[in-house]
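*Asks:* Mind looking over this structure? Questions follow.
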Amino acid sequence: MPLLWQKPLKNDVGQMAEGRFLVFEGLDGSGKTTQMTRIQKRLTGMGIESVTTCEPTDGPVGSLIRDMLEGRMSSDPRTIAALFAADRTDHLVKPETGVQALVGKGRVVLCDRYYFSSYAYHARDMDLEWIITLNSLNAQILRPDLTIFIDVAPETCLDRIRAGRHRLDMYEKIDILKQVRHNYFAAFDRLRNTEKVVTVDGDAPEDAVEKIIWQHLQPFVKSRVASDII
Ligand code: TYD
């Protein structure tokens, strides 16, 4: 079966436009949301319509996950990992608003977290290979054009989280964040032949981080502007 992101499709106004699926990854407090907003502004400035989305989603599986992460419901790490994979499938294949449908319509989709979050957060409790297998259907449905990892020191992340919130999720502790960061790099290495990932130093000032992310993204959206829109 041909993969969706490989073929240009017609968008709503009949122009040939290739959708893009660009994923932002990082520890909690790494500045993903801030940078996604900045990148979306840049895209809008270029006349490129984009959509931002995130995982866990605000759908039924996503709310179940949040209840577990925030301690309102008891859970087992294996159950959480499986729910994240299910939430992801729903996020991808939902009619009309699903990521696959949006990319199919030629949209640039900016997504806050995708399967590398599962590889990093759940490999603390389970074998990475099991989590990769659990997510293999998602990888088959849609592989990101690019994953941008915003790398920030776990200590800095925790300071930022504490400054912004009263309550911390179950993962927001220094030892856990350190382990998660390590797991991210292990997963990038494990999947270096199949996934396109760039790491950006997120400890730099916001403007500088944005500039570097933009440099990495530009080749993906530039070709789109040149061949499909102008
Ligand atoms: P996120 O929405 O980024 O956090 P917040 O809204 O609090 O800024 O993600 C919530 C948590 O979910 C985060 O700690 C990472 C975790 N997570 C996983 O454990 N596995 C996953 O597959 C994903 C996508 C997120």
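The values are calculated or read from the model by the stated rules, or taken from the named source; none is laboratory data. Note that this is a predicted model, so its numbers are computed, not measured. Positions of Cβ are generated from backbone atoms using ideal geometry, with glycine treated the same way; all protein chains shown enter the neighbour counts.
*Asks:* Among the listed residues Thr37, Thr53, Thr79, which satisfies the condition of being more than 18 Å from the chain's Cα centre (by Cα) and modelled with pLDDT of 95 or more?
*Replies:* Just a single option satisfies the conditions, and that option is Thr79.
*Asks:* Look at Pro60 and say whether it is near the ligand (Cβ under 10 Å from one of its atoms) and either free of Cβ contacts under 8 Å to residues at least 40 places away in the same chain or in contact with a helix residue (DSSP H, G or I) (Cβ under 6 Å, 6 or more places away or on another chain) (or both).
*Replies:* So Pro60 fails the test.
*Asks:* If we keep just the residues of the stretch 82-118 that are part of a helix (DSSP H, G or I) and among the β-branched types (Val, Ile, Thr), which is nearest to the chain's Cα centre (by Cα)?
*Replies:* Val99
*Asks:* Are there any pairs with C-beta distances below 8 angstrom linking a residue in the stretch 205-230 that is farther than 14 Å from Gly19 by Cβ and surrounded by 15 or more Cβ atoms within 10 Å (Cβ to Cβ) to a residue that is acidic (Asp, Glu) and at pLDDT 95 or above, with the two at least 6 apart or on different chains, and if so which?
*Replies:* Val209/Asp201; Ile212/Asp201
*Asks:* Can you find a residue that is buried (at least 16 other Cβ atoms within 10 Å of the Cβ) and within 9 Å of the ligand (Cβ to nearest atom) anywhere in the stretch 35-46?
*Replies:* There is no residue in the stretch 35-46 that is buried (at least 16 other Cβ atoms within 10 Å of the Cβ) and within 9 Å of the ligand (Cβ to nearest atom).
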